[in-house]
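Notes to accompany the following structure.
No lab work stands behind these numbers, since they all come straight from the coordinates. Fair warning: this is a prediction, and the values are worked out from it, not measured in the lab. A quick note on method: Cβ atoms are made from the backbone with ideal geometry, for glycine too, and the neighbour counts reach across all protein chains shown.
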Amino acid sequence: MAYSHSLFDHDGVLVNTEPLYLQAIQEQLATLGVVLTEADYIQNMAVGVDPWMLARNAGCDEAAVDQLRNARNARYQQLLQNRPIRIARVNAVVANLATQFKLAIVTTSRDADFDLIHGLDGGLNQGLNGDPKTKHAPDVVRHMDLILKRSHYTNSKPDPEPYMLALARFGIAPTQALVIEDSERGLRSALAAGIDGAVIDHPFTAAQNFAKARYRFANLKALQEFLLNH
C-alpha cells in the first residue's frame, strides 16, 4: 500500500527518553514508600493507566499528587539534560524520508519537555542531540510538516484523538498515512483512528502486545528501506 504521510511517535522512536520518564516517576513514588516496577509501569502504560493512582491509593489527595507530578516534571527535565537520549540514525532517516513523504510528530510529550529536547527554547542554543540549533531549524524538527504535542489535544493515547487530529490537519484519509510507534498505547491510538501502524522494536516496550501492527521493524533504518522501496 502506498503512503504519502508518515506520522512519528516521539519518545522511544526519535529519542530514547521513556526509561528516564519512568525513573522520574519512580523516584517520586518512592518518597511515599511506593514501589513501581518497570514491568508494572509498562503493562499499565499499554492501556493508559495513570501511575499516580498508586499515590492516591497510598492516601495522597489531589494537591499532593500535583506536587509529586511537578517534582516528577522537574526531575525528568534534569535527567534529559544529563543523560544520553540519542537513537542511532534518526536524523539521517528523517531527512531521507522527508524527500518523499509529508512528516509529522504526534507525541504525548509535554510541550516544555519536547522543546527542551529539541532546543526550541528560543535563540541559538545547544539541543540535546549535540549539535548547535536555532529555534528555526532544530535537528529532526526542521523536517516536520506538522508537530502535535500534548497541549494540542484533549485525550491522550491510546485514545485516537491525537492521530485523528493529525489526519484533519493534513486533510488526508487514514489510508494515506502510516504511524510509526514503539508502544502498544500508541499503536492502539493509531488503529482506533483507522491508520496502519508500524512498530519499531525497543527493549523498553518489548513485552507489549503488537500483534495488530501492520509492520514490525528492528530499527528506523529498516523502516526507511521499506518505505523508500515500496
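Data overview
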read-out: Semi-axes of the equivalent ellipsoid for region 178-220, Cα gyration tensor, largest first, Å; value: 15, 11, 8
read-out: Partners for residue 212 among aspartates and glutamates (Cα-Cα distance below 18 Å; same-chain residues under 8 apart left out); value: 9, 159, 181, 182, 184, 196, 201
read-out: Cα-based helix-to-principal-axis angle, 161-170 vs the chain, degrees rounded to 10; value: 30 degrees
read-out: Check: the chain dipole with +1 on Lys, Arg Cβ and -1 on Asp, Glu Cβ, in debye; value: 440 debye
read-out: Relative packing of peptides 16-26, 150-160 - highest average C-beta neighbours within 10 Å first; value: 16-26, 150-160
read-out: Cross-link partners of residue 102 among aspartates and glutamates (Cα-Cα below 13 Å; sequence separation of 8 or more within a chain); value: 145
read-out: Expected 222 nm ellipticity per residue - DSSP helices of 4 or more, -39500 (n - 2.57), all of the chain, to 500; value: -11500 deg cm²/dmol
read-out: Overall Cα dimensions of region 156-230 - principal axes, largest extent first, Å; value: 31, 29, 16
read-out: Helix axis angle, 18-30 relative to the chain longest principal axis, alpha carbon, degrees; value: 10 degrees
read-out: Choice from 65, 140, 94 showing the highest fluctuation, given a GNM over the chain with Cα pairs closer than 10 Å; value: 65
read-out: Nearest 10 degrees, 0 to 90: helix 62-82 Cα axis against the chain principal axis; value: 50 degrees
read-out: Whether region 1-72 is rounded, prolate or oblate, judged on the alpha carbon gyration tensor where a/c under 1.5 counts as rounded; value: prolate
read-out: Per-peptide average of other Cβ atoms within 10 Å, ordering 180-190, 204-214 highest first; value: 180-190, 204-214
